[in-house]
1. Scan the range 95-135 for residues that are outside any loop (DSSP other than H, G, I, E, B) and modelled with pLDDT of 90 or more and report the count.
2. Taking helices (runs of 4 or more DSSP H) that fall entirely within the range 1-94, which contain at least 1 residues that are modelled with pLDDT of 95 or more and touching a helix residue (DSSP H, G or I) at 6+ places or on another chain (Cβ under 7 Å)?
3. Taking the range 220-229, which residues are touching a helix residue (DSSP H, G or I) at 6+ places or on another chain (Cβ under 7 Å) and part of a loop (DSSP other than H, G, I, E, B)?
4. Would you call residue 80 more than 28 Å from residue 159 (Cα to Cα) and out of contact with any strand residue (DSSP E or B) (no Cβ under 7 Å at 6 or more places or on another chain)?
5. It is to be established whether one or more residues within the range 241-248 are farther than 21 Å from residue 186 by Cβ, touching a helix residue (DSSP H, G or I) at 6+ places or on another chain (Cβ under 9 Å) and part of a helix (DSSP H, G or I).
6. Residue 178 is checked against (1) more than 37 Å from the chain's Cα centre (by Cα); (2) part of a helix (DSSP H, G or I) and fails just one. What number does that condition carry?
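The values are calculated or read from the model by the stated rules, or taken from the named source; none is laboratory data. The structure presented is a predicted model; accordingly, all values stated were derived computationally and were not measured. Don't worry about glycine lacking a Cβ; one is built from the backbone with ideal geometry, like all the others, and counts go over all protein chains shown.
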């Protein structure tokens, strides 16, 4: 009987010690929102770099649900756009970047997001490929949108690290749009629609004076007006040619044409 009592007491003591030991074990502490978001963000970045875009996007979306004061929430929204961009899902990427810029207008990553928007429009331009017409023969809606985005970016962020590349893209896109004007002018010239040729060239000069005001274009403009019978406009174009290119080899020809046109106009009065 005594043995049984002692044994029961020992078991009770051991059990109590075990319970106390269990209670004394340190409990894992929950991460604060900033640390938790950082952990998820870094994991998502690893997935993004590895090309696992779906998993990365899921993790970034999780981070966006963090409290607004957690800076990783804003960063995650930018990276969602990056994941879409890397998948060439440019329309969706534009929406993601624009959502970020509208919600976090003062965030230091806004210039980056704005630049990526312009790049998305640029990637949607139908550039040349095998057995297809040149880009300047196609619809130019995306070209004009991309140009508008790049110009807006440079105007808003002139000192950004991306401004130099944006300016290069502006030059490329303007060249493409000007090439389109020349293509259409050539199209009408082949059909001897000279007034349409003149209007296209005049439009090119008005929109891109720094690029289009060349000897060739100015001569073609005067010639097209002359062929169309628009002598007043032809006289104006040839006179501008004389003023702009006084050392041109074609100056004698232009001077002679201008002389004849003025005689014709004078006799018609």
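1. 23
2. 33-49, 53-64, 71-86
3. Selection gives nothing.
4. Details: more than 28 Å from residue 159 (Cα to Cα): no; out of contact with any strand residue (DSSP E or B) (no Cβ under 7 Å at 6 or more places or on another chain): yes.
Taking the combined requirement at face value, the residue does not satisfy it.
5. The answer is yes, given that some residue of the range 241-248 is farther than 21 Å from residue 186 by Cβ, touching a helix residue (DSSP H, G or I) at 6+ places or on another chain (Cβ under 9 Å) and part of a helix (DSSP H, G or I).
6. (1)
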